[in-house]
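This report refers to the structure that appears directly beneath it.
The values are calculated or read from the model by the stated rules, or taken from the named source; none is laboratory data. The structure presented is a predicted model; accordingly, all values stated were derived computationally and were not measured. Backbone-built Cβ (ideal geometry, glycine too); neighbour counts: all protein chains shown.
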Amino acid sequence: EFRALASEARRQGMLLAGHAPRDVSLAEAADSGMRSIEHMETAMLEPGDGNEAERRARFERLARAGTAITATMITDVAYRQTPDSVAYAVIADTLNRIDPRRRYLSDEMLAAWKFGLDTKQLEEPNDWAESHRRQLADLRLARQAGVQILVGTDLGVSLVYPGFSVHEELQYLVEKGGLAPLEALRGATVYAARTLGLADSVGIIAQGMQADLVLLTADPLREIQNTTAIAAVVLNGRILDRAALKQLLAQAETNANQ
């Protein structure tokens, strides 16, 4: 099925991205034209899949093919490493005392969270802590092999808050994944634009590019947490200052409670 899908995508001139397919190797997936593999959980190698040099060679093949990895590490932290009781408690907390960000979530989003958690209870037991350790190890190996690491969050998973989770992913990639702040920021901007075939319009600050910018009060190259020190946002050339951004958050809360 994957081979037929990849062939048709090439014929149609479409970009191909998704989970690493189970019926082919990472190398074949990359050679088939996959631009991005989603989730480090699907991209990591099996424990007995060669020594470190052999494993690095597999990721080097991805790098040569131009296949990136969208790690979504913060999603694994939220969904696999956080006790389900915490997520259930947040969903039930209508006063938003456990996590104030809940106030921005619609009933539909909360229902999706609960459905995912309920479905999760049917899974076979697994050592998810060991799985996460392996993901981190292969993330570092892929980075060393030259694979571009993209920033994504897998919206819809419990405890992954829209917007906020992007900053959390950036921080996790730097603090745990070994990326330099500049490398992580590129994964959210220029690398992502290239992977999506949008490098001619977004991803960098230059004349003729789309005017979408985030203006900060502190340098994220010194501390990646400074991506949250937002002074203003420029959206398609329109400046949104702190007052305007605060108003947008208030509107998001209103919309969530309708």
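Quick notes on this one:
- Selection status of G18, more than 22 Å from the chain's Cα centre (by Cα) and at positive phi: no
Listed here are the residues, each with its yes/no results for (1) surrounded by fewer than 18 Cβ atoms within 10 Å (Cβ to Cβ); (2) within 18 Å of the chain's Cα centre (by Cα); (3) assigned to a helix (DSSP H, G or I); (4) of a type in the set (K, R).
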position	(1), (2), (3), (4)
F115	yes, no, yes, no
T119	yes, no, yes, no
E124	yes, no, no, no
S131	yes, yes, yes, no
R134	yes, yes, yes, yes
A142	no, yes, yes, no
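- Condition check for I91: in contact with a Leu (Cβ under 6 Å, 6 or more places away or on another chain) and either at pLDDT 95 or above or not assigned by TED's automatic domain parsing to the domain that holds S158 (or both): yes
- Of residues in region 212-226 being surrounded by 12 or more Cβ atoms within 10 Å (Cβ to Cβ) and in contact with a strand residue (DSSP E or B) (Cβ under 7 Å, 6 or more places away or on another chain), the one nearest to S165 (Cα to Cα): N226
- Of the residues making up region 144-166, those that are within 11 Å of the chain's Cα centre (by Cα) and either of a type in the set (V, I, T) or crowded, with 21+ Cβ neighbours inside 10 Å (or both) number 8.
- Enumeration of residues in region 22-41 that are under 19 Å from S131 (Cβ atoms), free of Cβ contacts under 8 Å to residues at least 60 places away in the same chain and buried (at least 17 other Cβ atoms within 10 Å of the Cβ): L26, I37
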